[in-house]
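Comments concern the structure below.
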Amino acid sequence: MAWVTQNDAERERWEQEAEARAAAEAQEEQRRREEEQQQQVQPEPHPRPEATQTAPTIDEEGAERSRKARSKLRAFNPNVRVGNALAPRPSSYAINKLANF
């Protein structure tokens, strides 16, 4: 029972962290959209060539890399029971013997 209690606590902590990350990402996205709208309203009369071809900053690269690297979890069903028996599987040696027979 201790494992179940600890697992439930960790799952709850993970859900809270996921909600906080989602809220932070939504806030960042909203801020970025507002900046883009402001830039569209007040465009520069003559853009400088250096400004149009700048490389992304380290912060932008790191943020994009972390977004891509973050794995997606499948939908979670808390009512599913975890099995406590392992199904026997034949060894790879036995499978190869049968395949080459």
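The single condition from (1) assigned to a helix (DSSP H, G or I); (2) modelled with pLDDT under 80; (3) of a type in the set (A, V, I, L, M); (4) open to solvent by 80 Å² or more (accessible area, probe 1.4 Å) that residue 63 fails is (4).
Restricting 51, 87 to residues that are more than 25 Å from the chain's Cα centre (by Cα) and at pLDDT 65 or above narrows the list to 87.
The values are calculated or read from the model by the stated rules, or taken from the named source; none is laboratory data. Computed from a prediction, not measured in an experiment: that's the story for all the values here. Each accessible area value is taken on the protein alone, full model and side chains, heavy atoms only, with ligands, DNA and RNA left out. Shrake-Rupley method; radii C 1.70, N 1.55, O 1.52, S 1.80 Å.
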